[in-house]
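This report refers to the structure that appears directly beneath it.
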Amino acid sequence: MPTDTSSEPAPPLPARAASRPGDLVVARPEGLYCPPGDFYIDPWRPVDRAVITHGHSDHARWGHNHYLAHEQGEGILRARLGADITLQTLPYGQAIEHHGVRISLHPAGHVLGSAQVRLEHGGQVWVASGDYKTEPDGTCTPFEPVRCDCFITESTFGLPIYRWPTQPELFAQIDDWWRRNAQEGRASVLLGYAFGKAQRMLHGVDASIGPIVVHGAVEPLNAVYRAAGVALPPTLRVTDPGVDATMLRRALVVAPPSAQGTPWMRRFGANASDAFASGWMLLRGTRRRRGVDRGFVMSDHADWPGLHKAIAATGAERVMVTHGSVAIMVRWLRENGLDAQAFATEYGDEDLADAPEAAA
């Protein structure tokens with residue numbers, strides 16, 4: 001297993017990208033801005049018009065006057081930002097024009113409704129990835145590369161050590177852990193982000209092993225996924241009729257990380273086994289700092305090979321890198337002949353909240 005390098009000094013960040021005449025996206029204090037279209041992509045401060053790549057809170061924030069997002073993200077955005085937000089939605093691949101900029105949304109494979117934003121204007125094509133992963137997981141439309149001149153990519157796990165297990169490998173590990181605990185009469189508490197990761201866990205596990213109980217923060221999001229046609233097994237809450245101590249001793253319990261150490265967790269008994277699902281579990285020491293019995297390497301972001309595969313598939317000669325291991329990714333891209341720079345952003349990412357630095 002890779003060594004935890006969180007205490008090692010990081011290489012200096014590249015200089016903030018300098019805009020060039022005709023750039024379709026530039027960095028402003030409010031967020032990533034499209035000058036000819038006069039709109040922002042995932043802005044972190046209130047603006048008039050915002051194109052939203054997906055519903056995680058670091059990319060979809062309250063206070064914008066007008067939102068544009070993929071149609072499958074509507075339920076999440078209204079649940080999180082308010083039912084009365086002014087929201088326009090598009091299916092994947094359908095284009096609209098705004099101030100002469102042709103805008104379309106394309107699958108990012110991150111979570112339900114996640115999208116890459118394609119912009120076309122003045123003979124240029126730019127694509128902003130938002131967050132993405134390249135392996136299909138069955139809970140959202142798989143990532144599709146979009147050809148472009150400039151690609152704005154995330155790099156949350158932009159280090160060579162990050163290489164994810166395949167879906168079958170991952171869920172074989174989780175099922176084995178749950179099955180063994182159930183045979184021993186111990187509840188299996190699996191912690192993971194409530195939007196996206198929890199539904200991926202539910203979709204992938206073998207529901208024949210036992211009952212599945214979910215935290216109150218997870219079930220409303222399950223309803224959005226089910227309404228979109230995503231197959232999830234039946235789930236219960238601890239307050240539902242028939243949920244008793246005997247049932248819980250065989251159950252898989254899916255909960256957000258914020259539930260760890262709360263009175264809610266005491267319902268599952270002192271001998272419950274807990275686990276944490278995150279890409280950061282690849283690092284030695286992360287499980288110990290989290291204080292859990294098991295760690296499963298699961299992320300809704302691309303790993304190192306996935307990032308480079310996605311970038312290469314765009315055919316872009318210019319790449320702008322945001323949030324994560326920016327300096328290393330920019331250097332690697334430059335060494336491989338691409339015009340690479342960094343965009344300074346305020347994206348935090350649900351996985352970054354689980355990072356070793358945050359867990360220390």
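For region 205-227, which residues satisfy the criterion of being within 19 Å of LEU191 (Cα to Cα) and either surrounded by 18 or more Cβ atoms within 10 Å (Cβ to Cβ) or in the same structural domain as ARG80 (by TED's automatic domain parsing) (or both)?
VAL205, ILE209, GLY210, PRO211, ILE212, VAL213, VAL214, HIS215, VAL218, LEU221, ASN222, TYR225
Taking region 149-177 as the search range and keeping residues that are touching a Lys or Arg at 6+ places or on another chain (Cβ under 7 Å) and farther than 17 Å from SER278 by Cβ, which one is surrounded by the fewest Cβ atoms within 10 Å (Cβ to Cβ)? Break it down stepwise before answering.
Pass one, region 149-177, residues touching a Lys or Arg at 6+ places or on another chain (Cβ under 7 Å): 149-150, 177.
Those still in the list that are farther than 17 Å from SER278 by Cβ too: 149-150.
Details: ASP149: 16, CYS150: 21.
Per the criteria, the residue is ASP149.
Kindly list the number of the only condition in (1) over 22 Å from ARG267 (Cα atoms); (2) among the basic types (Lys, Arg); (3) in contact with a helix residue (DSSP H, G or I) (Cβ under 7 Å, 6 or more places away or on another chain); (4) assigned to a helix (DSSP H, G or I) that fails for ARG226.
(3)
Picking from ARG284, ARG266, ARG289, which residue would you name as being basic (Lys, Arg), in a loop (DSSP other than H, G, I, E, B) and surrounded by fewer than 24 Cβ atoms within 10 Å (Cβ to Cβ)? Reasoning before the result, please.
On the way: ARG266 fails: in a loop (DSSP other than H, G, I, E, B); ARG289 fails: in a loop (DSSP other than H, G, I, E, B).
Result of the check over ARG284, ARG266, ARG289: ARG284.
Quick check: anything in region 97-105 small (Gly, Ala, Ser), in contact (Cβ under 8 Å) with a residue 24 or more places away in the chain and in the same structural domain as HIS54 (by TED's automatic domain parsing)? Lay out the reasoning, then the answer.
First, pick out the residues of region 97-105 that are small (Gly, Ala, Ser): 100, 104.
Those left that are additionally in contact (Cβ under 8 Å) with a residue 24 or more places away in the chain: 100.
Within this subset, residues satisfying the condition of being in the same structural domain as HIS54 (by TED's automatic domain parsing) are 100.
Yes, that holds for at least one residue.
Residue under question is HIS70, and the condition is that it be without any contact (Cβ under 8 Å) to a residue 40 or more places away in the chain, in contact with a Ser or Thr (Cβ under 7 Å, 6 or more places away or on another chain) and more than 18 Å from VAL218 (Cα to Cα); does it hold?
Spelling it out, it is not the case that HIS70 is without any contact (Cβ under 8 Å) to a residue 40 or more places away in the chain, in contact with a Ser or Thr (Cβ under 7 Å, 6 or more places away or on another chain) and more than 18 Å from VAL218 (Cα to Cα).
Just the residues that are loosely packed, with under 12 Cβ neighbours inside 10 Å and among the aliphatic types (A, V, I, L, M), please, taken from region 228-240.
Passing the criteria: only ALA231.
Of all residues in region 115-130, which are within 19 Å of the chain's Cα centre (by Cα) and outside any strand (DSSP E or B)?
Across region 115-130, the qualifying residues are SER129, GLY130.
The values are calculated or read from the model by the stated rules, or taken from the named source; none is laboratory data. Here the structure is a predicted model, which is why all the values come from computation and not from measurement. All Cβ positions, glycine included, derive from the backbone under ideal geometry; neighbour counts span all protein chains shown.
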